[in-house]
Amino acid sequence: MNEPLEVEDLERRRPAPRREGPPGGQRGHASAERGGGIWSPPRLSMRWWPVFQRNLLVWRKLVIPSLIGNIAEPLIWLVAFGYGLGALVGQVAVGGQSVPYILFLASGSICMSAMNAASFEALYSAFSRMHVQKTWDGIMNAPVSLDDVVLAEMLWAAFKALFAVTAILGVMLALGISHSPKLLLAWPVLLGVGISFSCIALIFNALARGYDFFTYYFTLFLTPMMFLSGVFFPREQLPGFVRVLADWLPLAAAIDLVRPLFLDQWPAHPWRSAAVLGVSTVAAFWVALALTRRRFFG
Amino acid sequence: MASMSAPLLQVHHLRKRYGATTVVDDVSFAIAPGECLGVIGPNGAGKTTTIRMCLGLVAPDDGEVSYCFPAAGQAALRMPRDARAIKARLGVVSQFDTLDPDFNCAENLLVYGRYFGLKDAAIRARIPQLLEFAALSHKAEVRPGELSGGMKRRLSLARALVNDPQLLLLDEPTTGLDPQARHLMWERLQLLLQQGKSILLTTHFMDEAERLCHRLLVLDHGRKIAEGRPRDLIAEHLEPDVVEVYGGGALALADDPALRPHAARVEVSGETVFFYTANARPLLTALEAHPQLRTLHRPANLEDLFLKLTGRQIREDA
């Protein structure tokens, strides 16, 4: 207990400590740690990594059941609807091309899987760590800020989504549903989808008083989005005014990017779709961070 | 020379309001290197809020918290501006354990050390000593869920030592522990003080405060109502002797003209009368006229002081 210990202090590596706090102390500011209001810009550092690593270490112990849970459900959907309903539906028209229903469904449902995996992790699991186990409180007694904890949880939920998506992609390749070389590009896009939905879910995590609250999020937000975004049927089937709204949903943007890649085509409006995902990600992260700061320091 | 005794932690005129309630009201104190400062006060006195402001987890409405670690040069670090540099040198045990239930004891220490930016090899080299210090060497592979309350608290303390901190902030480290576990915790804290560490601790146990703390801060309703060394505070506020009298009819003695003049102060609580006096002999002699009553003669202690300063009524808001 006596020998001095070299603490790798990131603050020391910088020539001068950052002084972003406004002059005149911290009177009246909601966020104690930061010396700024809850809406001040995110102040992020590499200290998110040990928090991410912590979650990784817990998950490593549960990887097999986690893998089964992540793959089984989307596969059941795919088999039941793809082969069952697909036999009735036959071909679906996508961008002037006629494709088998199972391919149509696979390209949409993988986006849904990314969304669900990220949402579950950033809601139920993050809430357990934040509220039930008080893991975040313990972490913040060490030199790790709340901003870094929120970033770590966001990236962790996105990682879980990427993990689920990779496993499902593997199964889809094995089943020979698609052999498009452009699937390699779908993979980073699906990571982006995971990041987007992690950020959105963390808003609801910051507002939750208990697990029940998340049921509303799933039934009132994610389930309608799933049906409006073209997972199961083309958005062209929707009534005109609904479609105008549906075209701007983040899940619809994700599907607009990923589905053509499954068909060995290029997305029709890649920048528009990427912008929808990008803007909703940045906005959601900022709101989630502000509400989490309010929850802890407000 | 002045730098030798510069306080590690300095708190100036700290104030915090929640709505209409002022939970911390103009509290100032300092901790010198090697010192153990105890914060005592009834529930709701503002102890935990004060600690949380020292940690930058609650923003004060007024006042300042600054640290000065000799190893980090002479520059004063201010909360919350320098939160990360400060916390790199602090060890914290919060009131409720925040141990990771999914990890065993050794993993808990490893994962926590990483939050300080420590290298895995450096932490792993330290884990055996930390477990030994916590008397948990035989429990390295056991998860917190299987540990007793005392073991969990000691693991929390070991975790707080992973970065070899200069100052420890301990919020009620022994609440809920049995006497054996409490004594072991005291022994460990005394060991840390011998090693030159400084401690800020809150407690509800007056024997703990008296045993461990060089200096005490008494808070009530958010205000500092007394500060000083335990023995000095007792001498300053209390008569040296206490005679407790209880049993049937004891309450009538509070105003008994044969007894009253022998006591400097008399207090009644429940079925017991407390006579505070500088000379207990005449009082005890007079009490021999009431053989049916039970009496207890003892020196005044910190508990008497605490009850005198903060009153005997139960804090309903607690």
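Charges on Cβ only, +1 for Lys and Arg, -1 for Asp and Glu, centred on the Cα centroid of the range A:34-179; of A:Pro41, A:Asn116, A:Leu85, which one is farthest towards the dipole's positive end?
The Cα lying farthest towards the positive end belongs to A:Pro41.
How high is the relative contact order of the range B:192-314, in percent, with contacts defined as C-alpha pairs under 8 Å that are six or more residues apart?
Relative contact order of the range B:192-314: 26 percent.
Within the set of other residues whose C-beta is less than 14 Å from the C-beta of B:Thr272, count the net charge using Lys and Arg as +1 and Asp and Glu as -1.
-2
Enumerate by residue number the trypsin sites (Lys or Arg not before Pro) in the range A:201-267 meeting two conditions: DSSP loop (anything except H, G, I, E, B), and at most 10 other Cβ atoms within 10 Å of the site's Cβ.
Passing sites in the range A:201-267 are A:Arg209.
Which residue fluctuates most in the GNM of chain A (Cα springs below 10 Å): A:Val242, A:Val279, A:Val94?
A:Val242
Would you mind checking which residues have amide H under 5 Å from B:Asp220's amide H? H placed 1.01 Å from N; only 5 or more apart, or other chain.
Those qualifying (amide H under 5 Å, at least 5 residues apart or on another chain) are B:Ile225.
Just to be sure I understand the model, the point goes 7 Å from the Cα along the line to the Cβ. What's the resulting A:Gln97 to B:Glu227 distance in nm?
My value for the distance between the label points is 7.6 nm.
Taking only Cα atoms and a 10 Å spring cutoff, compute GNM fluctuations for chain A and point out the largest among A:Pro41, A:Pro188, A:Pro239.
Evaluated over chain A, the most mobile residue of the options is A:Pro239.
In whole Hz, with x marking every Gly and Pro, tabulate ³J(HN,Hα) for the range B:97-110 from phi via Karplus 6.51 cos²θ - 1.76 cosθ + 1.60, θ = phi - 60°.
4, 10, 5, 7, x, 7, 10, 6, 4, 5, 5, 4, 5, 4
Under 5 Å between amide H atoms, partner at least 5 residues away or on a different chain: which partners does A:Val94 have, H built in plane at 1.01 Å?
Correct list: A:Val99.
From other protein chains only, count the Cβ atoms within 10 Å of every residue's Cβ in A:141-150, then give the mean.
6
Could you give me the ³J(HN,Hα) list for the range B:174-189, computed from phi with Karplus coefficients 6.51, -1.76, 1.60 and θ = phi - 60°, whole Hz, x at Gly and Pro?
10, 4, x, 9, 7, x, 4, 5, 5, 5, 5, 4, 4, 4, 5, 5
Within a Cβ distance under 14 Å of A:Lys61, other residues only, what is the Lys/Arg minus Asp/Glu net charge?
Working: positive: A:Arg54, A:Arg60, B:Arg143; negative: B:Asp100, B:Asp102, B:Glu107, B:Glu141.
So the surrounding residues net to -1.
Inside 10 Å of the C-beta atoms of A:54-63, what's the mean count of C-beta atoms belonging to other chains?
Average neighbour count from other chains, rounded to a whole number: 3.
With point charges of +1 on the Cβ of Lys and Arg and -1 on the Cβ of Asp and Glu, referenced to the Cα centre of the range B:64-163, which listed residue (B:Ala134, B:Val162, B:Cys68) lies farthest in the positive direction of the dipole?
B:Cys68
Arrange the peptides B:119-125, B:242-248 so that the one whose residues have, on average, the most other Cβ atoms within 10 Å appears first.
Answer by packing, highest mean first, reads B:242-248, B:119-125.
Spelling out what I want: for every residue of the range A:282-297, take phi, set θ = phi - 60°, compute 6.51 cos²θ - 1.76 cosθ + 1.60 (Karplus), and round to whole Hz; glycine and proline get x.
5, 4, 5, 5, 4, 5, 4, 5, 4, 5, 5, 4, 5, 4, 8, 10
Could you work out the helix-only [θ] at 222 nm for chain B, with each DSSP H run of four or more residues adding -39,500 (n - 2.57) and the total divided by the number of residues, to the nearest 500 deg cm²/dmol?
Per the formula, -8500 deg cm²/dmol.
Counting pairs of alpha carbon atoms under 8 Å apart in space and at least six apart in sequence, what relative contact order in percent does the range A:50-297 give?
24
Taking other Cβ within 10 Å of each residue's Cβ, how do A:Ser128, A:Ser178, B:Ser66 sort, fewest first?
A:Ser128, B:Ser66, A:Ser178
Work from the charge dipole of the protein assembly as shown (Cβ charges, +1 for Lys and Arg, -1 for Asp and Glu, about the Cα centre) and give the residue of A:Ala158, B:Pro257, B:Thr310 farthest towards its positive end.
Towards the positive end, the residue furthest out is A:Ala158.
Using a 10 Å cut-off on Cβ to Cβ distances, tally the other chain neighbours for every residue of B:104-110 and report the average as a whole number.
Numbers: counts 0, 0, 0, 4, 1, 0, 3.
Whole-number average of other-chain Cβ neighbours for B:104-110 is 1.
Using the Cα gyration tensor of the range B:239-299, with a ≥ b ≥ c the square roots of its eigenvalues, what is the shape: rounded (a/c below 1.5), prolate (a/b larger than b/c) or oblate (neither)?
Cα axes put the range B:239-299 in the rounded bin.
Please give every one of the lysines within straight-line cross-link reach of A:Lys160, meaning a C-alpha to C-alpha distance under 19 Å, and leave out same-chain neighbours fewer than 8 residues apart.
Within the straight-line limit of under 19 Å, A:Lys160 reaches these lysines: A:Lys61.
Just to be sure I follow the definition: excluding the sites themselves, where is the longest run in chain A that has none of the GluC sites (Glu not before Pro) in a DSSP loop with at most 16 other Cβ atoms within 10 Å?
A:21-298
Compare B:Gly34, B:Gly270, B:Gly149 in a GNM of chain B, Cα atoms joined below 10 Å, and give the one with the largest fluctuation.
B:Gly270
Taking the alpha-carbon distance from B:Lys87 and a cut-off under 20 Å, which lysines remain once sequence neighbours fewer than 8 residues away in the same chain are dropped?
Partners found: A:Lys134, B:Lys47, B:Lys119, B:Lys197.
Name the long-range amide H neighbours of B:Arg17: under 5 Å, sequence gap of 5 or more, or other chain; modelled H, no Pro or chain starts.
Answer set, sorted by chain and number: B:Val23, B:Asp61.
For the residues B:Cys105, B:Cys68, B:Cys54, what sequence is obtained by ranking on other C-beta atoms within 10 Å, fewest first?
Lowest count first: B:Cys68, B:Cys54, B:Cys105.
Taking Cα pairs under 8 Å and at least six residues apart, what relative contact order does chain B come out at, in percent?
Result for chain B is 20 percent.
Hey, got the dipole for the protein assembly as shown? About the Cα centre, +1 on K and R Cβ, -1 on D and E Cβ, debye to the nearest 20?
Computed about the Cα centre, the dipole is about 1520 debye.
Counting Lys and Arg as +1 and Asp and Glu as -1, each charge on the Cβ, what is the dipole of the range A:50-297 about the Cα centre in debye, to the nearest 20? Before the final figure, lay out the partial values.
Working: 15 positive and 11 negative charges, 77 e Å.
Its charge dipole is roughly 380 debye.
Any aspartates and glutamates with Cα under 13 Å of the B:Lys139 Cα? List them, leaving off those in the same chain fewer than 8 positions away.
Cross-link targets: B:Glu107.
Read the figures in this text as sums done on the coordinates, not as results from a lab. Just so we're clear, the structure is a prediction, and the values are computed from it rather than from any experiment. We place every Cβ from the backbone using ideal geometry, glycine too, and count neighbours over all the protein chains shown.
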